[in-house]
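> One structure coming up, written as structure tokens, with questions to follow.
Computed from the coordinates by the stated procedures, all read-outs in this text should not be read as laboratory data. Just so it is clear, the model here is predicted, and its values are computed rather than measured. Neighbour counts run over all protein chains shown; Cβ positions are idealised from the backbone, glycine included.
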Amino acid sequence: MNILEIKNISVEINGKRILQDINLSVHKGETVLFFGPNGSGKTTLLMTIAGIPEYEVVDGEIILNGKNITSMDVDKRVKLGLGIGFQAPPEIVGVKLGDMIKICSGKRPDDELSEEELRLIEKFELKEFINRDVNLGFSGGEKKRAEILQLLAMKPKILLLDEPDSGVDVESLRLIGKEIQKYLDENDASALIITHHGDISEYVNAECAYVVVDGRIWCSGNPERIHKNILKNGYRSCVKCQLRHQMEEC
């Protein structure tokens, strides 16, 4: 069963076409990687799925849990089980990290953190940060750990992760990757993970990968094989492969 289906969507921002004829699917319990060079449209895809207003779907549709969400507001998509982790989490002055975790868990700021939430905070090594403003003065790794912590507190059915492996040190990447995989395993959840270098693939068990270049998907298939080919031959090799009619379906 597909939890997410992208059917032939094309997306524009301020009248400029960014994505063209994108088709992909994510099955229940499946992890899918989305590779591509800078400026290829990777983040646009996630923002479009999330329902950020400036990303206009001019053709096609997005199906989440069997429902057409193409024109649905962001909050309604979240209630259907969608959760997103941003590549560059913003600083939120005046909101404590501990309070944000409570909000993500469906609580009020004056409620107490549960034992489960406290354990999760400990796992992400953020106990000393819960009384600090969200991301204010945090390092790159601390911001990413806090972002994933908040996302997992929401208990989404599908995680949309925009380059969780960028701007983090090796230890933070290992921690983030292992906790993401643990959450997916324990909750039979799915994930669509954008990655530029593919480092996150060392810690999550992905079943399928797509490659996007210039706003189009050019290749799909085994994540390990695709990653090795990108490292050896670059992203343009996927374009040449497609032009030779050798595209492999997942």
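> Which pairs, out of Lys123/Lys232; Lys16/Lys143; Lys7/Lys79; Lys96/Lys144, put more than 24 Å between their alpha-carbon atoms?
Details: Lys123/Lys232 36 Å; Lys16/Lys143 31 Å; Lys7/Lys79 21 Å; Lys96/Lys144 16 Å.
In this structure, Lys123/Lys232; Lys16/Lys143 exceed 24 Å between Cα atoms.
> Turning to a different aspect of this structure: Could you give the longest part of the chain that holds none of the trypsin sites (Lys or Arg not before Pro) found in DSSP loops with at most 14 neighbouring Cβ atoms within 10 Å?
Numbers: sites that count: Lys28, Arg244.
Answer from the scan: 29-243.
> Tell me, what ³J(HN,Hα) does each residue in the range 6-11 have, in order and in whole Hz, if you take phi through Karplus 6.51 cos²θ - 1.76 cosθ + 1.60 with θ = phi - 60° and put x for Gly and Pro?
Each residue's phi maps through the Karplus curve to give 10, 10, 6, 8, 10, 10 Hz.
> With +1 on each Lys and Arg Cβ and -1 on each Asp and Glu Cβ, and nothing else charged, work out how big the dipole of the chain is about its Cα centre, in Debye to the nearest 20. Numbers along the way, then the final one.
Details: 32 positive and 40 negative charges, 126 e Å.
Result for the chain is approximately 600 debye, rounded to the nearest 20.
> Here's a follow-up. Under 8 Å for C-alpha pairs, at least 6 residues apart: give me the relative contact order for the range 148-241, rounded to a whole percent. Present the calculation step by step, with values, prior to reporting the outcome.
Numbers: 97 pairs, mean separation 22.6, N = 94.
The value is 24 percent.
> Taking neighbour counts of Cβ atoms within 10 Å as a proxy for exposure, in what order, fewest first, do Thr31, Thr70 appear? Each step should come with its number before you reach the end.
On the way: Thr31 25, Thr70 16.
Ascending Cβ contact count within 10 Å gives the list Thr70, Thr31.
> Which of the listed residues, Leu173, Ser139, Pro89, is farthest toward the dipole's positive end in the range 50-178, when Lys, Arg count +1 and Asp, Glu count -1 at the beta-carbon?
So the residue furthest toward the plus end is Leu173.
> Put +1 on the Cβ of each Lys and Arg and -1 on the Cβ of each Asp and Glu in the chain; which of Leu80, Val58, Ser201 then has its Cα farthest toward the positive end of the dipole?
So the residue furthest toward the plus end is Val58.
> With angles folded into 0 to 90 degrees, how steeply does helix 140-153 sit against the dominant principal axis of the chain? Use alpha carbons for both and round to 10.
Roughly 90 degrees, rounded to the nearest 10.
> Cα centroid distance between the range 180-206 and the range 109-160, in Å?
Measuring centre to centre over Cα atoms gives 18 Å.
> While we're looking at this one, here's another question. Mind sorting His196, His27 by how few other Cβ atoms lie within 10 Å of their own Cβ, fewest first?
Numbers: His196 19, His27 16.
Final ranking by Cβ density, sparse to dense: His27, His196.
> How fast does the chain diffuse by Stokes-Einstein, in µm²/s, taking the Kirkwood radius from C-alpha pairs at 4 °C and 1.567 mPa s? Each step should come with its number before you reach the end.
Working: Rh = 18.6 Å.
Approximately 70 µm²/s, per Stokes-Einstein.
> Compute the relative contact order of the chain as a whole-number percentage, counting only Cα pairs closer than 8 Å that sit 6 or more residues apart in sequence.
Working: 480 pairs, mean separation 61.8, N = 250.
Over the chain, the number comes to 25 percent.
> Here's something else I'd like to know. Count the DSSP beta bridges whose two residues both fall in the chain, then state the antiparallel fraction as a percent rounded to the nearest 5. Show your work: numbers first, answer last.
Values: 24 of 42 bridges.
Within the chain, antiparallel bridges account for around 55 percent of the total.
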